[in-house]
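The values are calculated or read from the model by the stated rules, or taken from the named source; none is laboratory data. If you're wondering where the values come from, they're calculated on a predicted model, not measured in any experiment. Methodologically, a virtual Cβ is constructed for each residue, glycine included, from the backbone with ideal geometry; neighbour enumeration extends over all protein chains shown.
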């Protein structure tokens, strides 16, 4: 028989072994020395030590995916609306300079009572507060109606409206007057109707309550609509109002920190080739953009494009004898913009672009209007607006070469209006500061909801895709988002809407950043057979000798151990 | 209490909000060719033909993401330099003078494609290279190239698996990046690519079953290679001859019914089950819901006086502008009084409109250069002194 090298018996009986081999005429290698066996054991052990203590950790380290811990449950709760129930307490100051204190107190109480009775949407309610320094504060309000929008600091609730109650001779019933560019509502009442503390429901307080209800009716419906998703918000809202609200939400742009406004002058001929655009923007648009400052920022670019033709698919304008004008049919307006050829996608900056097009028709087709209502402008939802400018022709029947600031006035006023519409400003009440305030509250609601739902999306994503990495900055963005969301919620609860919008903006930004984190792209999916195919050519040749060597060593050690035990 | 309950109910409905949205508000198209090299001319022609069609139906360039891994128009083997044709009659030059390629050459990778869909891009990537779709967007995704069972090859170097694509769409749905999505793919064994999709509101269609090849339609002998694939050719034939205007009422059912296996030489497939309402509902979506662009323009009536109408707004904006002018006048007059009187500013009401001064170039480095020069000069001086001293000493010792 042949003796295996490493057999524990062989070194002990060399003579007999040699004689045996001699007799069987087979030559065997000389027996291994114990040192050689020892060396081989060490070599194998060293290989395995490197594999186990170096190779395996490195493999583990380099192939594992870093997943930062995220507060999944909290994120899901935000998305489900369990953490925060947005409420809108609007603080309204009432000033009654010519009423006695108990009378005004009583008026306030009864008005508040009537208001609460009228209100059916608990999340949005009006809180009245009596002020005494009437003339002062009212004057200040008149003065700084726009700057009150910017009052983000301070712990006190924002005053959304000041109601001044004034007597006026010769009135049969109370009347109200909303000062158009302020946040002040003047209510005039006949002196005979001074509410005495005894009457439980004076007509004046009913009147004030109804006026306030009317002022904030649209805002309330809008917020209810947003909070309830796309389903009908309030029962009492007229279907007309619901329709107009959902239409406005549909056509308005998604909220962005920065919008890019692009003003383009298109004309099919060679003139007009210049316009007083800088002055026009400064004069007609800057005030509005400044009023929007607490909500969004804007960047502006302009261009003049000559020889801009309609696309061949656009139906040509038709001359209308009775109107003495070239008319475009309303249903053809969607094809008016030649998307294929007009360079309208500057893609500058990082905000979404709102396009405003000033089209000066060819003299042979001037004046050009919309057939149905002789309008000269229209809005393309979520995209921008178009204005047809028909400047007076020169003597030689050509368009003027230069458009002065004055001739641009109507166009830029219209663009301002279109901008208001596209940014989702509500149409009532009839005071721009009030409408912007409403927009702040509406935007705060939408941002709160969208940031919360992004949190939920991220939570579900991390659960459903175990192979994508989650870097640490995602976790920090998430915690920033969550803290700003709760700040938004508490600001809303305390009636500080500017502060609420500011933190909602941060929350939205951070939420987007965490979801769209650049490194969070999952490793490309490999089926298991691919993995085997990758590893086998490498591990096969290396693994077989290593494993066989290990097995032999283990066998030898076992045999040695058994022999020892037998000997003992 | 009732209103509180209603609010709770409303909040619970929030989750469902995405499903209730009735109509889409914008259209996006992602058109991807994945193969390089001259002999794959037809794949670029496929994509460019579709690009031309969606543009014709009104999707602006800013809402089309076009990925072309090679530039056939400028290929030295192109007998018609600067042009790409998808038909041997060479009637329509697809390259034209107005095409916007968003991802070109080696930018077309699996990673970039997935990043595009999920918008996980660097902050400095321009908007034209981003898919800016939202919860109201209908997205058309068209891919063509060489593929196999559950993969599509990108650029001869890598491949995208059906799983990756499904996960990318899943993430898009999770972040409300589409309203409805039409996925079209023309490659060998194309139908295997959409088998793993799991997110709702997707209609998927492919050119060939498992173990089937997709064939090219015809070759142009002068160009020297096949110019278009069969399935794409017949889809385009339908779109070009039937869907002639953006107001077309033809629906997806009509499009898919137009598939003729005897012409296409493979079995095209359609997957409906992810679409709410399944096939019955999905067939009713019009073709221009995905290939066209919605534009429900709203004409403003200049004569109505209801709140929020044009007239009212104009009055308010005019008031705002007026107030601003007054304020800036006051401001400038205060400035004028406090410093020195500026008579030329007094009479012009638009004093604040003085054109901005052009900003000249400024130096970016802020450290003081003279100090550095001094240091450098002294170092040079010291070295020279040492050298001189050394040579003098060396000369004297020798």
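Observations
- The lone criterion from (1) in contact with a strand residue (DSSP E or B) (Cβ under 6 Å, 6 or more places away or on another chain); (2) at positive phi left unmet by residue B:155 is number (1).
- Of the residues making up segment B:133-160, those that are within 12 Å of another protein chain (Cβ to nearest Cβ) and more than 20 Å from residue B:103 (Cα to Cα) are B:134, B:135, B:136, B:137, B:149, B:150, B:151.
- Pair list, Cβ under 6 Å, 6 or more apart: segment A:437-449 residue under 13 Å from residue A:248 (Cβ atoms), other residue part of a helix (DSSP H, G or I) and at pLDDT below 85: A:438/A:219; A:442/A:222; A:446/A:226
- Selection status of residue A:394, at the interface with chain B (Cβ under 8 Å from one of its Cβ atoms), more than 19 Å from the chain's Cα centre (by Cα) and at pLDDT below 85: no
- Residue that is in a loop (DSSP other than H, G, I, E, B), buried (at least 19 other Cβ atoms within 10 Å of the Cβ) and in contact with a helix residue (DSSP H, G or I) (Cβ under 9 Å, 6 or more places away or on another chain), where the choices are A:128, A:70: A:70
Quick grid of which residues meet (1) at pLDDT 80 or above; (2) more than 13 Å from every other protein chain (Cβ to nearest Cβ); (3) outside any strand (DSSP E or B); (4) at negative phi:
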| position | (1), (2), (3), (4) |
| --- | --- |
| A:298 | yes, yes, no, yes |
| A:301 | yes, yes, no, yes |
| A:307 | yes, yes, yes, no |
| A:313 | no, no, yes, yes |
| A:323 | no, yes, yes, yes |
| A:331 | no, no, yes, yes |
| A:346 | no, no, yes, yes |
| A:373 | no, no, yes, yes |
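- Residue in segment A:133-156 that is within 35 Å of the chain's Cα centre (by Cα) and modelled with pLDDT of 75 or more present: no
So that you can scan it fast, the table gives a plain yes or no per residue for (1) surrounded by 11 or more Cβ atoms within 10 Å (Cβ to Cβ); (2) at pLDDT 90 or above:
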| position | (1), (2) |
| --- | --- |
| A:509 | yes, no |
| A:517 | yes, no |
| A:520 | yes, no |
| A:524 | yes, no |
| A:529 | no, no |
| A:536 | yes, no |
| A:539 | yes, no |
| A:549 | yes, yes |
| A:554 | yes, yes |
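- Criterion violated by residue B:114 - all others in (1) facing chain A (nearest Cβ under 8 Å); (2) modelled with pLDDT of 90 or more; (3) within 24 Å of residue A:342 (Cβ to Cβ) satisfied: (3)
- Unmet requirement for residue A:275, which otherwise passes all of (1) in the same structural domain as residue A:389 (by TED's automatic domain parsing); (2) in contact with a strand residue (DSSP E or B) (Cβ under 9 Å, 6 or more places away or on another chain); (3) closer than 25 Å to residue B:64 by Cβ; (4) at pLDDT 80 or above: (3)
- Qualifying residues in segment A:418-430 (those that are over 16 Å from residue A:352 (Cβ atoms) and modelled with pLDDT under 85) - the one nearest to the other protein chains (Cβ to nearest Cβ): A:427
- Set side by side, the residues B:276, B:307 differ, and just one is in a loop (DSSP other than H, G, I, E, B), modelled with pLDDT under 90 and under 29 Å from residue A:415 (Cβ atoms), which is B:307.
- Of the criteria (1) within 12 Å of chain B (Cβ to nearest Cβ); (2) free of Cβ contacts under 8 Å to residues at least 60 places away in the same chain; (3) touching a helix residue (DSSP H, G or I) at 6+ places or on another chain (Cβ under 9 Å); (4) surrounded by 15 or more Cβ atoms within 10 Å (Cβ to Cβ), which one residue A:317 fails: (1)
- Residue check: residue B:58 meets all listed conditions (1) assigned to a helix (DSSP H, G or I); (2) at pLDDT 80 or above; (3) surrounded by 15 or more Cβ atoms within 10 Å (Cβ to Cβ) but one, namely (1).
- Condition met for residue A:549 (outside any helix (DSSP H, G or I) and over 24 Å from residue B:169 (Cα atoms)): no
- Taken over segment A:249-278, the criterion of being over 25 Å from residue B:297 (Cα atoms) and assigned to a loop (DSSP other than H, G, I, E, B) is satisfied by A:257, A:269, A:270, A:271, A:272, A:273, A:276.
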